[in-house]
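The structure appears right after this line, and notes come after that.
The values are calculated or read from the model by the stated rules, or taken from the named source; none is laboratory data. Only a predicted model underlies this, so the values are computations on that prediction, with no experimental measurement involved. Here the Cβ positions follow ideal geometry from the backbone for every residue, glycine too, while neighbour counts run over all protein chains shown.
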Amino acid sequence: MKILLSCFFPILLVAACTNGSPRLRELPPDAVILAFGDSLTYGIGALPDQSYPAVLKKLISRTVINAGIPGETTAEGRARLPRTLEQYHPALVLLCLGANDMIRGLDEGAAVENLKEMIRLAQSQSAQVVLIGVPRPTLLASTPEFYRDIAHELSVPYLRDAMSDVLKKNSLKSDLIHPNAKGYRKLAEDIAVFLRKKGAI
């Protein structure tokens, strides 16, 4: 019985790892990472070199393009993404959009479809995608479950809590909906750890 159990537990461990969140292919040193999003990516609330893409670039020694546009919705991002992919040919896209849809009370179903289409488009261009959850603009800063559902359906790695963890703490915010320099640094650090865990770095 002991021999059987000792053989069985490694099988369970391998199965658990296989059924977990998808892993990423290793990024070569010259890989381009595209941080695509709105003001949370652009870095409103801090200096340009304090945005999360700028900090992440230093942490992982890879080129990280800040493609954040303040105020952008998922529909606008969907329209912008094709030419941005064509311009930079990224190996990895960090997709962080949806805040402005929620702030403006836009249709959630449409936002979901926009995010899905952006992921599919990036993948069709041979880019890997990490989906970054964005919390609702409330005191609880809870991340909508539709981000998880999208990641599960399209089999992409999903970073759920990094943004919400920052926006729940006043010491890490510049206003009600944007991080400050410390907040962006924490976000970049969390993303760097996530990329390493997923095998990209």
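Among the candidates R136, R148, R185, the residue that is basic (K, R) and outside any helix (DSSP H, G or I) is uniquely R136. Where residues in segment 75-85 are out of contact with any strand residue (DSSP E or B) (no Cβ under 7 Å at 6 or more places or on another chain) and of a type in the set (A, V, I, L, M, F, W, C), which of them is surrounded by the fewest Cβ atoms within 10 Å (Cβ to Cβ)? By that ranking, first place goes to A79. When segment 174-200 is filtered for residues that are surrounded by 17 or more Cβ atoms within 10 Å (Cβ to Cβ) and either at pLDDT below 95 or of a type in the set (S, T, Y) (or both), the ones remaining, listed by number, are I177, Y184. Checking each residue in segment 103-119 for being assigned to a helix (DSSP H, G or I) and out of contact with any Leu (no Cβ under 7 Å at 6 or more places or on another chain) picks out I103, E108, G109, A110, A111, V112, E113, N114, E117. Set side by side, the residues D38, D30 differ, and just one is acidic (D, E), over 25 Å from A79 (Cβ atoms) and in contact with a strand residue (DSSP E or B) (Cβ under 9 Å, 6 or more places away or on another chain), which is D30.
R25 falls short on exactly one of the conditions (1) touching a residue at least 40 places away in the same chain (Cβ under 8 Å); (2) in contact with a Gly (Cβ under 8 Å, 6 or more places away or on another chain); (3) crowded, with 18+ Cβ neighbours inside 10 Å, and that condition is (3). Consider segment 129-139 and keep the residues that are surrounded by fewer than 22 Cβ atoms within 10 Å (Cβ to Cβ) and of a type outside the set (D, E, K, R). The one that is farthest from G71 (Cα to Cα) is L139. Here is the figure for segment 86-102: residues that are part of a helix (DSSP H, G or I) and surrounded by 14 or more Cβ atoms within 10 Å (Cβ to Cβ) total 5.
Only residues that are loosely packed, with under 14 Cβ neighbours inside 10 Å and part of a helix (DSSP H, G or I) were counted in segment 151-173, giving 4.
Out of segment 15-58, which residues are in a helix (DSSP H, G or I) and modelled with pLDDT under 95? Answer for segment 15-58, where residues must be in a helix (DSSP H, G or I) and modelled with pLDDT under 95: A15, A16, C17, T18.
Among the residues of segment 28-55, just one is among the charged types (D, E, K, R) and touching a residue at least 40 places away in the same chain (Cβ under 8 Å), namely D38. Screening A122 against (1) under 19 Å from K186 (Cα atoms); (2) outside any loop (DSSP other than H, G, I, E, B); (3) in contact (Cβ under 8 Å) with a residue 24 or more places away in the chain leaves a single unmet condition, (1). For A54, the conditions (1) touching a Lys or Arg at 6+ places or on another chain (Cβ under 8 Å); (2) surrounded by fewer than 22 Cβ atoms within 10 Å (Cβ to Cβ) all hold with the exception of (1). The residues of segment 59-84 that are hydroxyl-bearing (S, T, Y), within 12 Å of L97 (Cα to Cα) and either at pLDDT below 95 or not in a loop (DSSP other than H, G, I, E, B) (or both) amount to a single one, T74.
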